[in-house]
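Everything on this sheet refers to the single structure shown next.
Please treat every number below as a calculation from the coordinates, not as lab data. Treat the numbers as computed from the prediction; the structure is a model and nothing was measured. Don't worry about glycine lacking a Cβ; one is built from the backbone with ideal geometry, like all the others, and counts go over all protein chains shown.
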Amino acid sequence: MKIYRVNMTEGTVRAEEVKEKYATLGGRGLTSQIIADEVDPTCHPLGPNNKLVLAPGLLSGTNAPSSGRLSIGTKSPLTRTIKESNAGGTAAQKLAKLGIKAIIIEGQPQDGKFYTLKVTKDGVELLDGTALVGQRNYDVGKQLRSEHGENVCVVSIGPAGEYKLSAASIAVTDGDGRPVRHCGRGGTGAVMGSKGVKAIVIDDTDAPGVSIKDKEKFKEAAKDFSKMLLNHPVCGQGLPTYGTAVLINILNEAGGLPTKNFRFGRFDGADKISGEAMYDVINERNGKPTHGCHPGCVMRCSQVYHDKDGNYLTAGFEYETIWAFGAHCTIDDLDAIATLDRLCDDIGVDTIEMGVTIGVAMEAGIIPFGDADGAIDLLQQVGEGKPLGRILGNGAEFTAKAYGVSRVPTVKGQSIPAYDPRAVKGVGVTYATSTMGADHTAGYSVTANILKVGGQVDPLKKDGQVDLSRNLQIATAAIDSTGLCLFVAFAVLDEPKALPRIVDMINAQYGLSLTVDDVTELGKSILKTEREFNAKAGFTNSHDRLPEFFNEELDPHGTTFDFTGEELDEVFNF
Amino acid sequence: MQLEVRLFANLRDYLPKDSKGQVKVELPEGSTAADLIKHLNIPRDLPLIIMVNGRREPENHVLQDGDRVGIFPPVGGG
Ligand code: SF4
């Protein structure tokens, strides 16, 4: 395998052999290690000394089910911490099949121009990207496919990335060529923009494919693991049927659906924006309730959503997006939220960060709560680069500062997602302590708190939450390195034979003899590497805290986020 | 006693279509969540998540007049 180093200052590409220390790393483990090794933690995220690293997971490109996840690592302009942002789509599989372990983009073009990277079996090439400047993601993809072939994967930034806004995402096309899968969180799109890279075209024609040391063993383990996913009620039935939006109702029932900028735990309009409502609408309009973000996913939580006239509007319409523009902004119109989702994908901004930001804009009185048309207009201004749009596009904290708002739900500058930390305390511990800023996926305690997966921990009490969050953060760092979708965790947490099967696949592919304990050690070492980077960037335990308004009681349960600093610091006791 | 009952995801199929997954149910005093599940004819082949007034409760939980009960099949996302 190779690592490609693209130097944008010099306009050169170099293929490097994979160092021994990187050989058994992939995905997040690899991106975080390279960033820690090569990037000065005190650098400006948008300057020439930051780097952007793309890496497929260890199992990507193989027949392992749901293994096509891509990691992008950098120093985040939003949080100023280390960042790994993860996306589906077809990029990871194609990169892995091309024998590419990682692409490192460094430096900065001195001419201020934009370029396209073309990745093929012959290597990586820099092409002029001037013609794409100003274009949104759907058009960028269309244009590049017409030039380079319909089957290429396009990884791109929209205008938001060109403007280097902190909420900018990197879009990855799905199997249908739509830019609906994003490395959303942390402003990776702004870093790509700062490197002068508008798009990366990945063409895996005649790719050598992934070499597997012990094919028989791999096949057997992959088959078995696939079966475990399909037999698990969440992975095999819940996710394919209703997608992630099925969570709207259960969080609403549990009183943990943050509503009106985290004032209430329940939203009156929840029913109208629920996964069940979406399922009915999709079927009425001949959309697809079940859709995979990449070939080979067996859980297929994605969907294709049509507008009132039955025309394609958006895909990959997720719970967090629906919550952010929905309950958080008190908008109960699913079509309006779908339009906002489409706009985010097209402009290239994180739906969570933008949704939370629009709620903060409502808090500031720029538009009233519940104003769907106003929200669409604000988002358009982000895409057009208007002054207000540039404020909003830099995220919730920036917007709050610009308008003197103190009720701002962020940790380390990143917006808190769709679970109120007072009613789902375990995920609150993760928000506070994650190396990534507020991030539910970093340690998804919603499992044992709400979903009865991987045990049961009372979401309203403190007991057991710190241990739960720690264990999940460790396991997640490891899973994010495999290229497996994090949603395999539902099965892994419930089925003791699942994790050994993942280890079997890795061992068979790479000729290793790792044990389940090694996986835990890998997770710990990734977190330590990331924490160390953050410490050098100036972060201390006092940054591992939630905003003070979470001391206010939340209806309906009247609970607060009542962990002491010392208790939170116990998460990293290893 | 009267209960405010909501069924979610594919459990909605066990209520009349126009109910939108929400019904009022009359049960004798002292009934448990398990009694309610039986009353609604929900099959027991999958584990269920039962929420009473926003708190997860076991099946033997004794219900009270006016309780808001939500029942979910296994769901997930994130
Ligand atoms: S479960 Fe969903 S997010 Fe995960 S790989 Fe499959 S389609 Fe993509």
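Restricted to region A:304-319, and to residues there that are over 17 Å from A:Ala171 (Cα atoms) and surrounded by 23 or more Cβ atoms within 10 Å (Cβ to Cβ), the residue that is farthest from the ligand (Cβ to nearest atom) is A:Tyr305. Filtered by the rule that a residue be closer than 13 Å to B:Val69 by Cβ, more than 11 Å from every other protein chain (Cβ to nearest Cβ) and either without any contact (Cβ under 8 Å) to a residue 24 or more places away in the chain or under 10 Å from the mean Cα position of the chain (by Cα) (or both), region B:1-24 gives B:Leu3, B:Glu4, B:Val5, B:Val23, B:Lys24.
Taking the criterion of being within 16 Å of the ligand (Cβ to nearest atom) and either out of contact with any Pro (no Cβ under 8 Å at 6 or more places or on another chain) or free of Cβ contacts under 8 Å to residues at least 60 places away in the same chain (or both), the residues of region A:30-68 that qualify are A:Pro56, A:Gly57, A:Leu58, A:Leu59, A:Ser60, A:Gly61, A:Thr62, A:Asn63, A:Ala64, A:Pro65, A:Ser66, A:Ser67.
Could you tell me which residue of region A:436-454 is surrounded by the most Cβ atoms within 10 Å (Cβ to Cβ), considering only residues that are facing chain B (nearest Cβ under 7 Å) and either closer than 24 Å to A:Thr351 by Cα or not hydrophobic (A, V, I, L, M, F, W, C) (or both)? Among residues in region A:436-454 that are facing chain B (nearest Cβ under 7 Å) and either closer than 24 Å to A:Thr351 by Cα or not hydrophobic (A, V, I, L, M, F, W, C) (or both), the one surrounded by the most Cβ atoms within 10 Å (Cβ to Cβ) is A:Tyr444. Candidates in region A:243-264 are the residues that are within 24 Å of the chain's Cα centre (by Cα) and in a loop (DSSP other than H, G, I, E, B); of these, the one that is nearest to the other protein chains (Cβ to nearest Cβ) is A:Gly243. Using the structure shown, decide if A:Val457 is more than 10 Å from every other protein chain (Cβ to nearest Cβ), part of a helix (DSSP H, G or I) and out of contact with any strand residue (DSSP E or B) (no Cβ under 9 Å at 6 or more places or on another chain). No; evaluated as a whole, the condition is false for this residue.
Scanning for something free of Cβ contacts under 8 Å to residues at least 40 places away in the same chain, surrounded by fewer than 23 Cβ atoms within 10 Å (Cβ to Cβ), basic (Lys, Arg) and part of a loop (DSSP other than H, G, I, E, B), does region A:460-474 turn up at least one residue? Within region A:460-474, one or more residues are free of Cβ contacts under 8 Å to residues at least 40 places away in the same chain, surrounded by fewer than 23 Cβ atoms within 10 Å (Cβ to Cβ), basic (Lys, Arg) and part of a loop (DSSP other than H, G, I, E, B).
With respect to (1) more than 14 Å from every other protein chain (Cβ to nearest Cβ); (2) in contact with a Lys or Arg (Cβ under 9 Å, 6 or more places away or on another chain); (3) within 16 Å of the ligand (Cβ to nearest atom), the lone exception for A:Gly88 is condition (1).
Looking at this structure, is A:Pro387 within 30 Å of B:Gly54 (Cβ to Cβ), free of Cβ contacts under 8 Å to residues at least 12 places away in the same chain and surrounded by fewer than 24 Cβ atoms within 10 Å (Cβ to Cβ)?
Spelling it out, it is not the case that A:Pro387 is within 30 Å of B:Gly54 (Cβ to Cβ), free of Cβ contacts under 8 Å to residues at least 12 places away in the same chain and surrounded by fewer than 24 Cβ atoms within 10 Å (Cβ to Cβ).
Of all residue pairs spaced 6 or more apart or on separate chains, those with beta-carbon atoms under 6 Å, a first member in region A:269-298 that is within 12 Å of chain B (Cβ to nearest Cβ) and touching a residue at least 60 places away in the same chain (Cβ under 8 Å) and a second member that is more than 15 Å from the ligand (Cβ to nearest atom) and part of a loop (DSSP other than H, G, I, E, B) are A:Lys272/A:Asp332.
When we screen A:Ile367, A:Ile358, A:Ile331 for residues that are in a loop (DSSP other than H, G, I, E, B), in contact with a Phe, Trp or Tyr (Cβ under 7 Å, 6 or more places away or on another chain) and among the hydrophobic types (A, V, I, L, M, F, W, C), the only hit is A:Ile331.
Restricting attention to region A:119-157, the residues that are surrounded by 15 or more Cβ atoms within 10 Å (Cβ to Cβ), more than 24 Å from A:Val349 (Cβ to Cβ) and of a type in the set (Gly, Ala, Ser) total 0. If the condition is being crowded, with 24+ Cβ neighbours inside 10 Å and more than 7 Å from chain B (Cβ to nearest Cβ), then region A:232-242 contributes A:His232, A:Cys235. The set of residues in region A:505-524 that are touching a residue at least 60 places away in the same chain (Cβ under 8 Å) and polar (S, T, N, Q) comprises A:Asn507, A:Gln509. With respect to the conditions (1) assigned to a loop (DSSP other than H, G, I, E, B); (2) away from the ligand (no atom under 16 Å from the Cβ), A:Asp271 lacks only one, and its number is (1). When region A:409-438 is limited to residues that are part of a loop (DSSP other than H, G, I, E, B) and out of contact with any helix residue (DSSP H, G or I) (no Cβ under 7 Å at 6 or more places or on another chain), the one that is farthest from B:Gly54 (Cα to Cα) turns out to be A:Gly437.
Every test in (1) farther than 30 Å from A:Leu230 by Cα; (2) surrounded by fewer than 17 Cβ atoms within 10 Å (Cβ to Cβ); (3) of a type outside the set (Val, Ile, Thr) is passed by B:Asp67 save one, and that test is (2).
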